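One structure below.
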Amino acid sequence: MDATELDKLVAQIGDAILARLGHPPAYPPHAEGLNIEEVVCPGCQQRCVQTCAAKTKQIVAAGADRVSASEKLTSVDPAIASLIDHTLLRPDATREEILQLCREAKQYGFASVCTNPYWVPLVAAELKGSRVKVCTVVGFPFGANTTAIKVAEAEQAIRAGANEIDMVLNIGALRSGDYDTVKLDVQAVTETCHKYGAIVKVILENALLDDSQKVMACSLCKLAGADFVKTSTGFAKSGATARDVALMRAVVGPEMGVKASGGIRTLSDLKAMAAAGASRIGASASVKIVQESVV
């Protein structure tokens, strides 16, 4: 089977899955967000898992095992908190902000604290003795590092205390149809992590993929032995959608986890997402968005 035939087959599989889920094959490019037929809550503070528990559960019902959240949460339903990777990946994050992230994670019982690799030793020390896992990113945010570099990043992070690795797959290779490269890249990182007892979540960056590419990416991650597939880095043009979560779950089945992640950075982004039907919005730039909304 040549590359053209394989692409056609993947497209057919994707359309069949979407039809089974009750979605049309074509997805309007402007329709970003979760597409739940409500509006963003008045005075939205980007704390949906705290203030919009029912809506967050809709994302979970679509198939997500983990949900990312802003570092500005105050109180959370314990049943939801256990799903959350409490995340701060801004490059300008300070030591005090990371410490605050850890304090919040222990207080509310989040699944993990996810930071950039530099902060792993600090996070591991702060979370020692708690149930909260230490999560970090590899090949972040573009996925364009070589496999050897990704493996080295993962191994160093695990040795420093990380229990979970969120790696970005090779997006360019996937879009080029170089599926062996994508699979072997994920497999190498996964084997390294599993050797040390860590789990792997593979970030697809769905905003850059069409439906057939999302189906192929999920299939390759499953074949490579990864533990989760994840929607987004949070640094692309859009983040998680309930439709994507449902598609990913349909492809990987019950054997793998699905993580919904990614949000918006500006108030105009928020309004665009709301206009498209979003009522659940994840963002790392929550403070900036709130400040922009002040009249």
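Residues considered: Ala198, Ala207, Ala162, Ala157. Of these, the only one that is among the aliphatic types (A, V, I, L, M) and at pLDDT below 95 is Ala207.
Residue-wise test of (1) under 19 Å from the mean Cα position of the chain (by Cα); (2) at pLDDT 80 or above.
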| site | (1), (2) |
| --- | --- |
| Arg66 | yes, no |
| Pro78 | no, no |
| Ser82 | yes, no |
| Arg90 | yes, yes |
| Leu101 | yes, yes |
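The set of residues from the stretch 167-197 being outside any loop (DSSP other than H, G, I, E, B), of a type in the set (Ser, Thr, Tyr) and more than 18 Å from the chain's Cα centre (by Cα) comprises Tyr179, Thr181, Thr192.
Going by the structure shown, is Cys193 modelled with pLDDT under 95 and crowded, with 24+ Cβ neighbours inside 10 Å?
Taking the combined requirement at face value, the residue does not satisfy it.
Once the stretch 115-152 is narrowed to residues that are in a loop (DSSP other than H, G, I, E, B) and free of Cβ contacts under 8 Å to residues at least 12 places away in the same chain, the residue that is surrounded by the most Cβ atoms within 10 Å (Cβ to Cβ) is Asn145. Quick one: is Lys230 touching a strand residue (DSSP E or B) at 6+ places or on another chain (Cβ under 9 Å), surrounded by fewer than 21 Cβ atoms within 10 Å (Cβ to Cβ) and either among the hydroxyl-bearing types (Ser, Thr, Tyr) or at pLDDT 50 or above (or both)? Answer is no for this residue.
Here's the yes/no breakdown for (1) of a type in the set (Asp, Glu); (2) at pLDDT 90 or above; (3) assigned to a helix (DSSP H, G or I):
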| site | (1), (2), (3) |
| --- | --- |
| Gln213 | no, yes, yes |
| Val258 | no, no, no |
| Ala272 | no, no, yes |
| Ile289 | no, no, yes |
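Considering Arg131, Arg175, the condition of being among the basic types (Lys, Arg) and either within 16 Å of Gly234 (Cβ to Cβ) or out of contact with any helix residue (DSSP H, G or I) (no Cβ under 7 Å at 6 or more places or on another chain) (or both) is satisfied by Arg131 alone. The single residue among Lys201, Lys222 that is in contact (Cβ under 8 Å) with a residue 24 or more places away in the chain, of a type in the set (D, E, K, R), surrounded by fewer than 23 Cβ atoms within 10 Å (Cβ to Cβ) and under 20 Å from Glu164 (Cβ atoms) turns out to be Lys222. Could you go through the stretch 184-207 and let me know if any residue there is within 17 Å of Val138 (Cα to Cα), of a type in the set (A, V, I, L, M, F, W, C) and out of contact with any strand residue (DSSP E or B) (no Cβ under 7 Å at 6 or more places or on another chain). Yes, the stretch 184-207 contains at least one residue that is within 17 Å of Val138 (Cα to Cα), of a type in the set (A, V, I, L, M, F, W, C) and out of contact with any strand residue (DSSP E or B) (no Cβ under 7 Å at 6 or more places or on another chain).
Within the stretch 153-187, can you find the residues that are among the hydrophobic types (A, V, I, L, M, F, W, C) and within 30 Å of Gly109 (Cα to Cα)? Ala154, Ala157, Ile158, Ala160, Ala162, Ile165, Met167, Val168, Leu169, Val186 - these are the residues of the stretch 153-187 that are among the hydrophobic types (A, V, I, L, M, F, W, C) and within 30 Å of Gly109 (Cα to Cα). Taken as a whole, the condition of being part of a helix (DSSP H, G or I) and of a type in the set (A, V, I, L, M, F, W, C) does not apply to Val200. A Cβ distance below 8 Å, combined with a sequence gap of six or more or placement on separate chains, defines the contacts here; from the stretch 239-252, residues that are without any contact (Cβ under 8 Å) to a residue 60 or more places away in the chain and under 16 Å from Glu205 (Cβ atoms) reach residues that are of a type outside the set (A, V, I, L, M, F, W, C) and in a helix (DSSP H, G or I) in the pairs Asp244/Asn206; Asp244/Lys214.
The values are calculated or read from the model by the stated rules, or taken from the named source; none is laboratory data. Because the structure is a prediction, the values reported are computed rather than measured. A quick note on method: Cβ atoms are made from the backbone with ideal geometry, for glycine too, and the neighbour counts reach across all protein chains shown.
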